[in-house]
Each structure stands twice: as structure tokens, then as C-alpha cells.
Amino acid sequence: MKIAILGAGNVGTALARRLSAAGHDIMLGFGRDPEAVAAAAEAAGVGYGSPEALAAFGDVIVIAVPWAAVGDALAALGPAAGKIVWDCTNPLAPDLSGLLVGGDTSGGEEIARLLPGARVIKGVPPFAELMHADDPFIAGAAPGLFVAGDDSEAKGIVAGLLAQLPATVVDAGPLMAARFIEPAMLLVVRLAYLKGMGPRIALTVQSEAAFG
Ligand SMILES: NC(=O)c1ccc[n+]([C@@H]2O[C@H](COP(=O)([O-])OP(=O)(O)OC[C@H]3O[C@@H](n4cnc5c(N)ncnc54)[C@H](OP(=O)(O)O)[C@@H]3O)[C@@H](O)[C@H]2O)c1
């Protein structure tokens with residue numbers, strides 16, 4: 001699958017490495033310093049391009065920029081009707097005291113509002129440190145993650161990509177469920193960085209029912 005990743009930082013490069021290793025074609029792009037983006041892509045062993053090139057290339061377009069840069073990233077991307085857009089963002093307040101978007105909307109829904117016709121799926125990946133590590137498992141288990149979206153085919157594709165990171169993926173329902181995923185991810189970030197548990201951490205759901 002052709003995967004275009006906007007954001008060549010911790011998450012963008014980790015996804016590039018993991019998904020490239022799983023056999024996908026990756027193009028990285030979008031950053032304030034084009035030379036740094038090119039260097040990050042070369043270090044990850046993947047291609048890079050302009051936002052226009054990313055939009056044309058990707059069967060799946062990944063949003064992996066800080067929440068404050070999402071508006072600029074989507075404007076640079078341009079129209080994405082019909083594209084699968086995988087939203088990796090956490091709309092966190094910089095001091096981790098709360099979310100910048102929430103309540104009766106979510107980061108995922110705001111991205112969908114800004115990209116009319118795009119098939120937006122919320123799927124916050126594991127911590128970048130975990131994805132960059134030689135051992136991406138937590139005590140031998142794949143980290144637990146959630147997906148949410150209104151397009152079941154697109155959601156299945158993003159869930160499949162998340163599973164290759166690796167992850168154990170729970171389908172949380174429609175895109176509006178991002179309202180509940182994002183606070184849960186804030187909890188995990190707070191446990192990792194404010195409580196000192198570190199980035200080898202994720203949420204698991206215990207159930208006797210099948211996931212998905
Ligand atoms: N880090 C994690 O473990 C983790 C896990 C799950 C989800 N997330 C979410 O994933 C997203 C990316 O996180 P990250 O840790 O990868 O961030 P990061 O390392 O700071 O990388 C962000 C990328 O976006 C670019 N960028 C930032 N501001 C920009 C701007 N105003 N204009 C153009 N480019 C800009 C950066 O390029 P520059 O070089 O120009 O700054 C960089 O390529 C965030 O929404 C985060 O909440 C993070």
C-alpha cells in the first residue's frame with residue numbers, strides 16, 4: 001500500500017520505519033525545514049516529497065504533526081476527498097493539563113470537518129519511543145490501541161496498519177468515539193511523562209467478547 005505521512009518527527013519516522021519494514025511504500029513530508037525532512041526520510045530509508053506529492057501518492061494519508069500544526073498541514077495537503085486519512089494526533093495542551101479540543105467534538109472530527117469527503121479514521125499509534133525500539137512489545141504483548149471512523153472499509157485498513165506496528169486494535173465505533181479515545185490517550189501520556197511510568201505503556205481492554 002502507498003502511505004503518505006505528513007510530519008517527519010518522532011511518530012512520522014517511526015511509522016515510516018515500521019510500515020516500510022512491513023512492505024509498504026512510504027513517502028514522508030511536511031516540516032518547517034525541508035532539508036531536515038529529507039534527512040529524516042533518508043535515515044528511515046523512505047522517499048519524501050512536497051504536500052502536493054504526498055496527496056497524489058498516498059492511498060492512505062497519515063497526519064502525524066502536533067495539533068497546533070494540523071491546520072497548516074491540511075491546507076498544504078489540499079483536497080483529500082475519497083482518500084483514507086489516518087489521524088494520529090493527540091490534541092494535547094502543551095502542559096498536559098487537558099485537551100485543546102473536546103467535549104462535543106474531537107481532533108478526529110475537526111480534521112474530518114477540514115477535509116470534506118475524506119475517509120478520516122482516528123488511530124493514535126503507540127508511543128514513538130516504543131515504535132523506534134528494537135522491542136515494540138510491552139512485557140511481550142502488543143500495545144493496545146483504538147480506532148474510530150465512519151467508513152468501515154477505511155477503518156479496517158487503518159486497523160490493519162496499526163496491527164503491523166504491532167498493536168492489538170479495538171474498534172471503538174464511529175468517528176465521534178474519538179471524543180473518548182483522545183482523553184484516554186491523554187491519561188496514558190500523563191502516566192508516561194507526569195507519573196514517570198515511561199513510554200513503554202498502553203491501554204488494554206479486557207473482554208470475553210471478540211474485539212474488532
Ligand atoms: N510522540 C509520540 O509518542 C506520539 C504518540 C502518539 C501520537 N502522537 C501525536 O502525533 C503527532 C506528532 O507527534 P511527534 O511526537 O511526531 O511530533 P514531533 O516529533 O514534534 O514532529 C512533528 C512533525 O511536524 C512538523 N511540524 C511541527 N510544527 C510544524 C509547523 N508549524 N509547520 C510545519 N511542520 C511542523 C515537524 O517539523 P519541524 O522539524 O519543522 O518541527 C515534524 O516533522 C502529535 O499530534 C502527537 O500528539 C505522538
Residues being surrounded by 22 or more Cβ atoms within 10 Å (Cβ to Cβ) and within 11 Å of the ligand (Cβ to nearest atom) - total across the range 89-109 = 3
Collect the residues in the range 114-135 that are assigned to a loop (DSSP other than H, G, I, E, B), surrounded by fewer than 18 Cβ atoms within 10 Å (Cβ to Cβ) and within 14 Å of the ligand (Cβ to nearest atom), keeping them in residue-number order.
-> Ala133
Residue that is on the phi > 0 side of the Ramachandran plot and surrounded by fewer than 19 Cβ atoms within 10 Å (Cβ to Cβ), where the choices are Gly160, Gly198, Gly156 | Gly198
What are the residue pairs meeting all of these: first residue in the range 172-193, first residue away from the ligand (no atom under 16 Å from the Cβ), second residue outside any helix (DSSP H, G or I) and among the basic types (Lys, Arg), Cβ atoms under 9 Å, and 6 or more apart or on different chains?
-> Leu175/Lys122; Ala177/Lys122
Working only within the range 1-12, note down all residues that are within 17 Å of Val85 (Cα to Cα) and surrounded by 17 or more Cβ atoms within 10 Å (Cβ to Cβ).
-> Ile3, Ala4, Ile5, Leu6, Gly7, Ala8, Val11, Gly12
Does the range 1-34 hold any residues that are within 13 Å of the ligand (Cβ to nearest atom), without any contact (Cβ under 8 Å) to a residue 24 or more places away in the chain and either acidic (Asp, Glu) or within 15 Å of Leu162 (Cβ to Cβ) (or both), and which are they?
-> Asp33
Could you give me the residue pairs with C-beta distances under 6 Å whose first residue belongs to the range 65-77 and is under 16 Å from Pro116 (Cβ atoms), whose second residue is more than 7 Å from the ligand (Cβ to nearest atom) and assigned to a helix (DSSP H, G or I) wherever it lies, and which are 6+ apart or on separate chains?
-> Leu74/Leu114; Leu77/Pro51; Leu77/Ala55
Pairs with Cβ under 7 Å, 6+ apart, first in the range 35-51 and among the small types (Gly, Ala, Ser), second within 10 Å of the ligand (Cβ to nearest atom) and assigned to a helix (DSSP H, G or I) | Ala40/Thr13; Ala44/Thr13
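Each reported figure results from applying straightforward, stated rules to the coordinates on display, with no laboratory input. Treat the numbers as computed from the prediction; the structure is a model and nothing was measured. Ideal geometry is used to build each Cβ from the backbone, glycine not excepted, and the neighbour counts take in all protein chains shown.
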